[in-house]
Amino acid sequence: MMKSKGFKRLLQSPYLFIAPYAILFILVIALPVLVAMGLSFTSFNTIETPTFIGLKNYVDIFTGDTVFLQNAVSNTILFSVVVGPIGYMMAFFLAWMLAQVPHKARTIYAVIIYSPSITGPIMMAFVWRIIFSGDETGYINSMLINMFSIDSPIQFLQDADYLFPIMIIVSLWGSMGLGFLAMLAGILNIDRSLYEAAAIDGMRNRWQEIFYITIPSIKPQMLFGAVMSIIGTFNAAGLASALSGGGTPPQYAGWLIVDHANDFGFTRFEMGYASAVTVILLVIVLLFNKIAYRLFGERG
Amino acid sequence: MAKSGITFNPDRFHKNQWRFHAFLIVLSLFMGSPIVFIFNHAFKPFSELFAYPPTFFVRRPTTENFSRLIRFSSESGIPISRYIFNSVITTAAVIVASLIISSLAAFALSKLEFKGKIVLNKINTYSLMFVPIAVMIPRFLVLINIGIYNTYFAHIIPLLAMPVGIFLIKQFMDTSVPKELIEAAKIDGAGNWRVYWSIALPLVKPAIVTVAILAFQIAWANTEGSNLFVDKESLRTLPFYMSTVISQQGNIVVTAGVGAAAQLIMFIPNIIIFIIMQNKVMASMAHSGIK
């Protein structure tokens, strides 16, 4: 009798509800992070057992890896600083505008604006490769030749100077995802009487409304949007290589830290070194998120 | 009544909306044209694919590209139906399993009392910012060591821990499932499982639908599994196959028609599901804020 009662209690335990998720979380998120940290202090080629080499990987990365220092880090920071905030502001202003048109029109616009974000990296690279194709059958080149009579087609995707800006445009094109929808839903749910009260108090200017009512009212959605845009930014790994036709992009243009880690991990099988790069990346992601929480969080 | 300078969610068109429409139409053209382009490209005959100057819209539509796509796969040894089968199986498994797992955990985090709840909620909010692509290498090593490398599970397991899914369902439960209702049910003798199934789940349907769509999008487009976690061709999925079609010959123009057909097949289920369910998604996103 006692035993079956205990069993019944166990069946009702909240921990039982959490357990499946917790196990998976540990398996595919927590454990990999720990493994990356551990392996980052070793030399490991996936076949032999890892050998402990202390901080050598980190020292090598920060003193001798010119591609990492000159391309990966600066590209990642430049890319996130440009795409993150611009995409984020774009999402907010689009949501703000969409909230001010009638339901039917809004739905159509929202579907069109949202749809690039679900195309996925392969389709994204595929479409834009045709559009920016380097011969006269490329759409942009054909337009330039006809309208501005340039002499020969521009090698957009093979030229490091063009590749990075194109990568930014393509990423922005595909960045109006969940964060954008969250902000739109947030704005639509703001209590209208707030605006009426503000109008009575003499607020006439739209900018004042945005900064004193709209943004404070949707702060939680803004933070969600910020987190989503940071994640999206880091997911752009491989885009430069896909746009330029596979392999290493010309002069490492658009080469991000994730690309660097995957290159060492899966092409050269230097897992220890790749893990160290991964750990550095995770620290950078964490820093960016800390900044977002500072800016938009309730308690800094 | 003082008139506010702003009208959110207006009922009808008003002349001071025209500037929004002007801007939104131009922007929609930029956002939408690559997708319209793919639609047209997929139905272009050979002659139009190579035309100079290139044309945007298809003139004489043909399904040539689609049949070439099918033929292409029979040359590679494994029929396209196998990739489709793999994709459908793994995607369905990811949707069902992630919904069960996320909603169970979300229910506990939102409605049950237990030790460590606050910490776990914090962990989940922080794990929202997790970037899976950053840990592909260690994840690969973990999957090999738990013995699911080269199995269907290699496609499924990595996608099941979905912090954003559990987050969206939990936020929705926090606001939409009243405490009183749960207490009343408990007085009537309902256990946690019954409350979860009969009260909480029906009230958070929009969030469940949204998470199902997200799970679908992630699983349907996922290439990591095929690229890294399996190396048997017969276990690989449709998006992987579609990406090999594109990269096969290197020259983008040659593969453009077949590639466009392939991409269209991948994209259409995605957009249709979203259009049908967009009301539920918007209802769910209203609860998405991080506090």
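Taken together, the values in this text are just the output of simple stated rules run on the coordinates, not laboratory data. Since the structure is predicted, the reported quantities are computational estimates derived from the model, not experimental observations. We place every Cβ from the backbone using ideal geometry, glycine too, and count neighbours over all the protein chains shown.
Peptide B:198-207 has a mean of 0 when you count, residue by residue, the C-beta atoms of other protein chains within 10 Å of its C-beta.
Mean per-residue shielding of peptide A:70-78 is 0, counting Cβ atoms of other chains within 10 Å of each Cβ. How would you classify chain B from its alpha-carbon gyration tensor, with a ≥ b ≥ c the square roots of the eigenvalues: rounded for a/c under 1.5, else prolate if a/b is greater than b/c, otherwise oblate? It comes out oblate by the Cα gyration axes. Between A:ASP161 and A:ALA19, the simple spin-label model (points 7 angstrom out along Cα→Cβ) gives 6.4 nm. Under the criterion of Cα pairs below 8 Å and six or more residues apart, the relative contact order for region A:65-296 equals 27 percent. Normalised by the number of residues in chain B, the average gap of Cα pairs under 8 Å and 6 or more apart makes the relative contact order 28 percent. Calculated mean residue ellipticity at 222 nm for the protein assembly as shown: -20500 deg cm²/dmol, from DSSP H runs with n ≥ 4 weighted as -39500 (n - 2.57), summed, divided by the residue count and rounded to 500.
Along region A:179-191 the Karplus relation, 6.51 cos²θ - 1.76 cosθ + 1.60 evaluated at θ = phi - 60°, assigns HN-Hα couplings of x, 4, 5, 4, 5, 4, 4, x, 4, 5, 9, 5, 4 Hz to successive residues, with x for each Gly and Pro. In chain B, the longest principal axis of the Cα atoms and the axis of helix B:18-42 are about 50 degrees apart. Modelled spin-label separation between B:ILE123 and B:ILE89, with each label point placed 7 Å from Cα along the Cα-to-Cβ direction: 3.3 nm.
Under 5 Å between amide hydrogens, built in the peptide plane, is the criterion, and for A:THR42 it picks out A:ILE53 among residues at least 5 positions away or on other chains.
Protection proxy ranking, highest mean first, for peptides A:117-123, B:82-88: A:117-123, B:82-88, where packing is the per-residue count of other beta-carbon atoms within 10 Å, averaged. Listed cross-link partners A:LYS104/B:LYS111; B:LYS115/B:LYS179; A:LYS8/B:LYS280; A:LYS104/B:LYS179; A:LYS290/B:LYS205; A:LYS56/B:LYS117 are compared with a 29 Å cut-off, the Cα-Cα value being larger for A:LYS104/B:LYS111; A:LYS8/B:LYS280; A:LYS104/B:LYS179; A:LYS290/B:LYS205; A:LYS56/B:LYS117.
How big is the dipole moment of chain B about its Cα centre under a simple scheme where the beta carbon of each Lys and Arg is +1, that of each Asp and Glu is -1, and everything else is neutral? Debye, nearest 20, please. It comes to approximately 560 debye. Residues in region A:13-30, backbone N under 16 Å from the label point at B:ILE146 (7 Å along the Cα-to-beta-carbon vector): list them, ranges by number please. Inside the label zone: A:18-30. Note on the protein assembly as shown: dipole from Cβ charges, positive end direction compared against A:PHE25, A:TYR15, B:LEU214; the farthest Cα belongs to A:TYR15.
Using the Karplus relation 6.51 cos²θ - 1.76 cosθ + 1.60 with θ = phi - 60°, the per-residue 3J(HN,Hα) values for region B:134-144 come to 6, 10, 4, 5, x, 5, 4, 5, 4, 4, 4 Hz, with x marking Gly and Pro.
Between A:ILE26 and A:THR107, the C-beta separation translates, for a Förster distance of 51 Å, into a calculated FRET efficiency of about 0.80.
If R0 is taken as 56 Å, the Cβ-Cβ distance between A:LYS290 and B:SER234 corresponds to a FRET efficiency of 0.80. Distance between the modelled labels on B:PHE114 and B:LEU29, one decimal in nanometres: 5.6 nm (7 Å Cα→Cβ projection).
Label zone of A:SER74 (point 7 Å out along Cα→Cβ, amide N under 13 Å): in region A:154-173 this covers A:161. Placing a label point 7 Å from the Cα of A:SER4 along the Cα-to-Cβ direction, the residues of region B:165-201 with a backbone N closer than 18 Å are B:191. The mean number of partner chain beta-carbon atoms within 10 angstrom of a residue's beta-carbon across peptide A:123-135 is 6.
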